[in-house]
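The block underneath contains the structure these notes are about, expressed in structure tokens.
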Amino acid sequence: MPQVPHYDVHFIFVEVRHHPLFSAWLKELASDGQLQDVFGEVMALINALEKYGRELEGDESHPVTSTHYDLHALRRTPPTDTTPYAAGPPVLRLLYGYVRHHSGPDTAVLAVGGDKTRLGNDWYPANITQAEVRIDQWCRQHPGYKPVQRGGGPK
């Protein structure tokens, strides 16, 4: 049975939203009978993001430094407290960025999910660009939200 991550913080409970194309990717992953365990691990990562927000870091989530947005990547591999059995492919990354509403706290928007097994770190450039585009699209569809810049301010 997977263990609960051991963070020295209280639960944060960040609102996590999905870009529609991320939702489609997640639905496709869920429907693949051979990847049910992987889908469970992805959902565990999303739940950890909801619980810990910006405090989720290390092997579960890392900042993406090659963007001006406050963009991060949830990581299925290597194995962590959240995904203890994720030792091999697929090497999934879930790119998410923070957006801010003028009247409330930051929200995490899951923008892109994908397998970087074949491409390694070459997977990132095109998918980071796609994540930025999708976060902008999501904000246009949700008036009052703006992408958060990497330095912490709104766009």
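The values are calculated or read from the model by the stated rules, or taken from the named source; none is laboratory data. Since we're looking at a predicted model, the values are computed, not measured. Please note: Cβ atoms are built from the backbone with ideal geometry, for glycine as well, and neighbour counts cover all protein chains shown. Ligands, DNA and RNA are excluded from the accessible area calculation, which covers all protein heavy atoms including side chains. Shrake-Rupley method; radii C 1.70, N 1.55, O 1.52, S 1.80 Å.
Extending each Cα 7 Å along its Cβ direction at D32 and V133, get the distance between those two points in nm, one decimal.
Rounded to a tenth, the inter-label distance reads 2.2 nm.
Suppose we take every Cα in region 1-154 and form the convex hull; what volume per residue is that in Å³?
It comes to 107 Å³ per residue, whole-number rounded.
Using a 1.4 Å probe and ignoring any ligands, DNA or RNA, find the accessible area of L92 and quote it in Å² to the nearest 10.
About 10 Å², ignoring ligands and nucleic acids.
Identify all aspartates and glutamates with a Cα-Cα distance to K51 below 18 Å; exclude those on the same chain that are fewer than 8 residues away in sequence.
Within the straight-line limit of under 18 Å, K51 reaches these aspartates and glutamates: D8, E15, E41, D59, E60, D81, D106.
If I compute solvent accessible area with a 1.4 Å probe over the protein chains, what percent of it on the chain is carbon and sulfur? All intermediate terms of the calculation are to be shown ahead of the outcome.
Values: 4400 of 8240 Å².
Here it works out to 53 percent.
Compute the long axis of helix 20-31 from its Cα atoms, compare it with the longest principal axis of the Cα atoms of the chain, and write down the angle in degrees, 0 to 90, nearest 10.
10 degrees
Test of understanding: in a Gaussian network model of the chain with alpha carbons linked when under 10 Å, which of L110, L49, L119 would top the mean-square fluctuation ranking?
L119
At 0.36 nm per residue, minus the direct Cα-Cα distance, what do H102 and L119 gain on full extension? Give it in nm, one decimal, please.
Difference between extended and current length: 2.3 nm.
How much accessible area per residue does the chain have, counting only protein heavy atoms and a probe of 1.4 Å, in square angstrom? Don't skip to the end; give the middle numbers.
Numbers: 8240 Å² over 155 residues.
So the chain comes to 53 Å² accessible per residue, rounded to a whole number.
Can you compute the radius of gyration and Dmax for region 62-145, using only the Cα atoms, both in Å?
Rg, Dmax (Cα atoms, Å): 14.0, 42.
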